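Taken together, the values in this text are just the output of simple stated rules run on the coordinates, not laboratory data. Owing to the predicted nature of the structure, the values given are computational and were not obtained by experimental measurement. Ideal geometry is used to build each Cβ from the backbone, glycine not excepted, and the neighbour counts take in all protein chains shown.
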């Protein structure tokens, strides 16, 4: 048995050495994929809302310098995918419908696709922005809108420097991070942490987490908030001055700071919950 193992290890070593000498830059290109870029520009004069759907691409929404909506799909993909990549941007009424995907769902042999769709929006308030992703990260920055809805099956979600009336999110698997934004927050997460960091909470927060930690850190503590935390497994810590408990049972904690003007409601099945300062 030991002799067979020694022979196998020797053969493996010989194979690795041979691969080292015969592996050229063309093989490396096959692994990395071919560079890919596709761009589109849309007149934004009549557009008030954005709806975006993608399957396996990362999504990034940022504030642009132009009065037009600019889309750029970039990254690397295997050669067999290059003519199968789709980027559509179709206005219907006052809504721009963006979809991006690759139509080759079944492949044999080595293949890869690593693309990011960047959407640059003019600096103005949008009625609604809806983003739906199957597999890929969602990043938004400096977005000003009435409502924002983020849906992700697999991937992290990050929003920063946003101004909204309401931001909602649904995440199946992945972390959700919300930084320095304002507006009502409503979100659900199946597997992953939820982290909110901002200067001050001025609007209601409603969060549901199945498995993962929930953390809210602020620079300035709320002066008036009604807080309710319900959990099955995990710890709950509220490190804000002036919080007075009116209920502290095994699975539920509730209380107020001041008169309780804003509502913070957190439901968690498995995970720790912490409200504190950053």
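Give, in nm to one decimal, the length gained when the segment between residue 224 and residue 45 is fully stretched (0.36 nm per residue of separation minus the Cα-Cα distance).
60.3 nm
Roughly how many whole Å is it from the C-alpha centroid of region 123-144 to that of region 56-74?
10 Å
Say R0 is 25 Å: what FRET efficiency, to the nearest 0.05, do residue 241 and residue 163 get from their beta-carbon distance? Working shown, then result.
Values: r = 27 Å, r/R0 = 1.10.
After rounding, the FRET efficiency stands at 0.35.
Could you give the distance between the Cα centres of region 181-238 and region 255-278, to the whole Å?
About 6 Å separates the Cα centre of region 181-238 from the one of region 255-278.
Among [x] 167; [y] 127; [z] 189, find the value of volume of the Cα convex hull per residue in Å³ that was calculated from the structure presented, and write down its label.
Answer by label: [z].
I need the shape label for region 157-278. Rule: rounded when a/c is under 1.5, else prolate if a/b > b/c, else oblate, with a, b, c from the alpha carbon gyration tensor.
Here region 157-278 falls in the oblate category.
So what's the angle, to the nearest 10 degrees on a 0 to 90 scale, between helix 2-22 and the longest Cα principal axis of the chain?
Helix 2-22 sits roughly 90 degrees off the main axis of the chain.
Can you tell me how much longer the chain between residue 153 and residue 141 gets when fully stretched, taken as 0.36 nm per residue apart minus their C-alpha distance, in nm with one decimal?
Full extension of this stretch gives 2.3 nm more.
How much FRET efficiency would the formula 1/(1 + (r/R0)^6) give for residue 97 and residue 200, where r is the Cβ-Cβ distance and R0 is 30 Å, rounded to 0.05?
0.25
Report the calculated FRET efficiency for residue 63 and residue 173 (r = Cβ-Cβ distance, R0 = 22 Å), to the nearest 0.05.
Plugging the Cβ-Cβ distance into 1/(1 + (r/R0)^6) gives 0.15.
Most fluctuating residue of 161, 175, 247 in a GNM of the chain with Cα springs under 10 Å: which is it?
With Cα springs under 10 Å in the chain, the top fluctuation among 161, 175, 247 is at 247.
Name all residues of region 114-149 having a backbone nitrogen under 20 Å from the label point set 7 Å from the Cα of residue 76 along its Cα→Cβ direction, giving them as ranges.
Output list for this probe position: 114-118, 136-137.
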